[in-house]
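For reference, the structure is listed below as structure tokens.
The values are calculated or read from the model by the stated rules, or taken from the named source; none is laboratory data. Model, not experiment: these values are computed from the prediction. Here Cβ is always computed from backbone atoms with ideal geometry, including for glycine, and neighbour counts include all displayed protein chains. When the accessible area is computed, the model is the full protein with side chains, heavy atoms only, and any ligands, DNA or RNA have been set aside. Shrake-Rupley method; radii C 1.70, N 1.55, O 1.52, S 1.80 Å.
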Amino acid sequence: MGKTEISLSSWAFTGEGVTESRRVLGDLKGVFADEAARAAMDQDQVVYEVQMHAAVPEGTPGGLFLGVSCLRPGDVAGEYFMTKGHFHARRETAEYYWGVAGEGALILMDENGDCRWEKVFPGSVHYIPGNVAHRLANTGTETLRVGACWPSDAGHDYATIAASGFTKRLFKGPNGPELR
Ligand code: PAN
Ligand code: ZN
């Protein structure tokens, strides 16, 4: 593996083994409560990008992946821009997140459907235990940047969330974010 570097201010990755993926509003059909409002917005608008460094192939037992999620500010009818969210395919696998820039929320849901959220800010550290679905929301006015480290054999189960969602959603309230 050759040289890979991260910016210590933005956690942007450069160099070998770095891949990038992007989700626009058009990729997020059915993700927000108000689907009609989402469908009426610019479908090419970028909601988030994920950069990751993969030193081993996806699925390798015992390896790790390192990434950064960059989530734009915005909302769909008062529901903050957020990631799709997922359980890990290997449910018992955990993950670390840490805030790099911006203001946000880490929304967590266990397998009983119990939801809670943790405030994400530059320097915040979040341990996501196994068997817990996770998604990020941008509650601020600038891009939310969040570092992540997860097992290379964790995999992503998006289907469970696509089918039944999170039991609660994060909306803009008069006094800040409200989980409803
Ligand atoms: C993160 C997420 C990233 C994008 O790297 O994959 O924030 O969210 P979605 O994968 O839900 O679209 C992570 O949790 N990896 O396991
Ligand atoms: Zn994850």
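The helix-based estimate of mean residue ellipticity at 222 nm for the chain, built from -39,500 (n - 2.57) per DSSP H run of four or more residues and divided by its residue count, is -1500 deg cm²/dmol to the nearest 500. For the stretch 4-179, averaging the sequence separation of C-alpha pairs within contact (under 8 Å, six or more residues apart) and dividing by the residue count gives a relative contact order of 24 percent. Under a model in which nothing but the beta-carbon of Lys, Arg (+1) and Asp, Glu (-1) is charged, the stretch 78-176 shows a dipole of about 240 debye around its Cα centre.
TRP11 exposes around 40 Å² of accessible area when a 1.4 Å probe is run over every protein chain in place. Legend: P(r) of the stretch 4-179 from all alpha carbon pair distances, 10 Å bins from 0, whole percents, reading 10, 38, 39, 12, 1.
Going down the table (LYS29/LYS172; LYS84/LYS119; LYS29/LYS119), which pairs top 22 Å between alpha carbons? Show your work: numbers first, answer last.
Details: LYS29/LYS172 20 Å; LYS84/LYS119 18 Å; LYS29/LYS119 26 Å.
From the list (LYS29/LYS172; LYS84/LYS119; LYS29/LYS119), the Cα-Cα distance tops 22 Å for LYS29/LYS119.
Can you tell me the length gained on complete extension of the stretch ALA12 to SER124, counting 0.36 nm per residue apart and subtracting the Cα distance?
On the way: separation 112, 0.36 × 112 = 40.32 nm, distance 1.78 nm.
Length gained between ALA12 and SER124: 38.5 nm.
The stretch between THR19 and THR141, if pulled fully straight at 0.36 nm per residue, gains 41.3 nm over its current Cα-Cα span.
Over the chain, give the accessible area per residue in Å² for a 1.4 Å probe, as an integer.
48 Å²
Database remark: amide H of ALA101 closer than 5 angstrom to the amide H of ARG145 (H placed geometrically; neighbours at sequence offset of 5 or more, or on other chains; Pro and chain starts carry no H). Within the accessible area of the stretch 66-155, the carbon and sulfur atoms contribute 50%, probe 1.4 Å, all protein chains present.
In the chain the longest region clear of GluC sites (Glu not before Pro) that are loop-assigned by DSSP and have at most 13 other C-beta atoms within 10 Å covers 17-57. Placing a label point 7 Å from the Cα of ASP44 along the Cα-to-Cβ direction, the residues of the stretch 17-34 with a backbone N closer than 17 Å are 22-28. The label point for CYS149 and the one for ASP114, both projected 7 Å from the Cα toward the Cβ, are 2.8 nm apart.
When TYR127, TYR80 are compared by accessible surface with a 1.4 Å probe, the order from highest to lowest is TYR127, TYR80.
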